[in-house]
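S.K.: Dropping a structure here in structure tokens format, bear with me for questions.
The values are calculated or read from the model by the stated rules, or taken from the named source; none is laboratory data. Predicted model only: the values in this text are computed from it and were never measured. Every residue, glycine as well, gets a Cβ built from its backbone with ideal geometry; the counts of neighbours run over all protein chains shown.
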Amino acid sequence: MPQCKRTRVSRVADLISALPDVLLHQILGLLQAREAVQTCVLGRRWRNLWKSMPELRVTGASPVESLQEFMDHLLLLRDRSGLDVCMFEFGKYLSVHVSYLNLWIRHALLCQVRELDVAVFGSCRMVNELALDNLPVVSQYLAKLNLRGLSLDYKFLDFSSCPALKDLNLTKCNIFCTKISSQSLESLGIQDCKFLWDDCRSHISTPSPITLKIKDNWGLTPSFGEMPALLRAIVKLGHDCFDSCQDDLEYCDEASCWNCYRTADGSAGCVLLKSLSAARSLELIAEPKTLPEAKAKNSFSSKTMYNSVEQSFPSESLKNVKVECYNIDERFNSDTHNACTLTFIFRRDVRWCPTFSKLKTLLLSAWCVDHDLRALICILQHTPVLEMLTLQLSQYASMHCI
């Protein structure tokens, strides 16, 4: 290489190396952990920088076996300086690797991590749930926790020893517990998870959420405690919802019916709606029983529907009503039990409907006009300050209900 080119390259290297540690750490934090460690060969200035970088990214869903030696050395040789972000994403694993993964996660907590993301995938990036140790999470610093593809037990889901935890997201996890608790959570998301406690509903005790998202979970829909600070909530009951009354698949008017309520505390009444009554924005989504034999029950004209709404909702605050239509999934037409259980808990809760005294924006799917308009009318009668109403209806429901 000519002398002038060598001088130019060395000057550029010197300029980068002259940056303060905080900027170099930001650069390293954008790299995969293995790439960040490899910068130690760039020069004396870089030799130990990786040991104190505040972000660790081990992503790409590589098999655990290929990462084990690197991860052990990474965590052993790294300084015990605090971590702002730690992201672990693993692929295929064997049973002998489970203890290592648990150890790596606990090590991140010991490093005072503030945001921890853990995802486990199987082959072809399909989720392959890995069981975490049934031990409490203890951290004064953890503020955000994202978990995907894990099996979680009751002690792990007790976040009473995490006073700084504000944001919790569970995706495609197996949940083995009767209670999830946190006094500090402000944002909670549970999506595509399996609630595997058959005898009763899991109860979620989080009095501080501002946002709540519960979507497409398997098993019994969880119950909730009071959430007075709630601003926005989305509840979408998916295809694998198991809510029903064994005595009557479609209808039950007993508040204390164990088959319907199924809570370990022995209380009765609303499972969902009462806990959501403080929300300002609310989405309640589930598919109705759109079966051929139900057509005769759903022959309402648009005039009938809007006259009913107007008569039941005398408030002048409602400014906008929007109806959205979509193609319904054919799976509902072939499975009577699935269609009924999907809408059961909403239709049941309406019978003990609370007053949504702060609700401004409401989105409802076609379950609220299934069979008749009683559910819709009841909800409108309990939303005195509602301003925006959106109805998401299937093409079938829109033809026969509107």
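S.K.: Here are the criteria: (1) in contact with a Lys or Arg (Cβ under 8 Å, 6 or more places away or on another chain); (2) surrounded by fewer than 17 Cβ atoms within 10 Å (Cβ to Cβ); (3) aliphatic (A, V, I, L, M). Tell me which single one LEU196 does not satisfy.
M.R.: Among (1) in contact with a Lys or Arg (Cβ under 8 Å, 6 or more places away or on another chain); (2) surrounded by fewer than 17 Cβ atoms within 10 Å (Cβ to Cβ); (3) aliphatic (A, V, I, L, M), LEU196 violates only (1).
S.K.: When the residues of the range 75-109 are narrowed to those that are charged (D, E, K, R) and part of a loop (DSSP other than H, G, I, E, B), which ends up nearest to the chain's Cα centre (by Cα)?
M.R.: Initial filter on the range 75-109 (charged (D, E, K, R)): 78-80, 84, 89, 92, 106.
Adding the requirement that they be part of a loop (DSSP other than H, G, I, E, B) leaves 78-80, 84, 92.
Working: ARG78: 32, ASP79: 33, ARG80: 31, ASP84: 22, LYS92: 24 Å.
This residue is ASP84.
S.K.: Please state which one of ALA119, ALA36 is within 16 Å of LEU145 (Cα to Cα), in contact (Cβ under 8 Å) with a residue 12 or more places away in the chain and either part of a helix (DSSP H, G or I) or of a type outside the set (Lys, Arg) (or both). It would help to see each step written out before you state the result.
M.R.: Working: ALA36 fails: within 16 Å of LEU145 (Cα to Cα).
Every option except ALA119 fails the conditions.
S.K.: Now, a different point. Answer yes or no as to whether GLN392 is part of a strand (DSSP E or B) and either over 18 Å from ILE234 (Cβ atoms) or at pLDDT 70 or above (or both). Outline the logic, then answer.
M.R.: On the way: part of a strand (DSSP E or B): yes; either over 18 Å from ILE234 (Cβ atoms) or at pLDDT 70 or above (or both): yes.
Yes.
S.K.: Being closer than 16 Å to ARG57 by Cα and either buried (at least 16 other Cβ atoms within 10 Å of the Cβ) or at pLDDT below 95 (or both) narrows it down to one of LEU132, LEU83, LEU188, so name that one.
M.R.: Testing whether each residue is closer than 16 Å to ARG57 by Cα and either buried (at least 16 other Cβ atoms within 10 Å of the Cβ) or at pLDDT below 95 (or both) leaves just LEU83.
S.K.: Considering only the range 47-74, how many residues are in a helix (DSSP H, G or I) and surrounded by fewer than 18 Cβ atoms within 10 Å (Cβ to Cβ)? Break it down stepwise before answering.
M.R.: Pass one, the range 47-74, residues in a helix (DSSP H, G or I): 49-52, 64-74.
Among the residues that remain, those that are also surrounded by fewer than 18 Cβ atoms within 10 Å (Cβ to Cβ) are: 51-52, 65-66, 68-70, 72-73.
Here the count works out to 9.
S.K.: Kindly indicate whether any position in the range 163-173 is modelled with pLDDT of 90 or more, surrounded by fewer than 16 Cβ atoms within 10 Å (Cβ to Cβ) and among the hydroxyl-bearing types (Ser, Thr, Tyr).
M.R.: no
S.K.: Find the residue count for the range 170-193, including only residues that are farther than 17 Å from LYS155 by Cα and part of a strand (DSSP E or B).
M.R.: 6
S.K.: For the range 136-188, give me each residue that is without any contact (Cβ under 8 Å) to a residue 40 or more places away in the chain and on the phi > 0 side of the Ramachandran plot.
M.R.: GLY149
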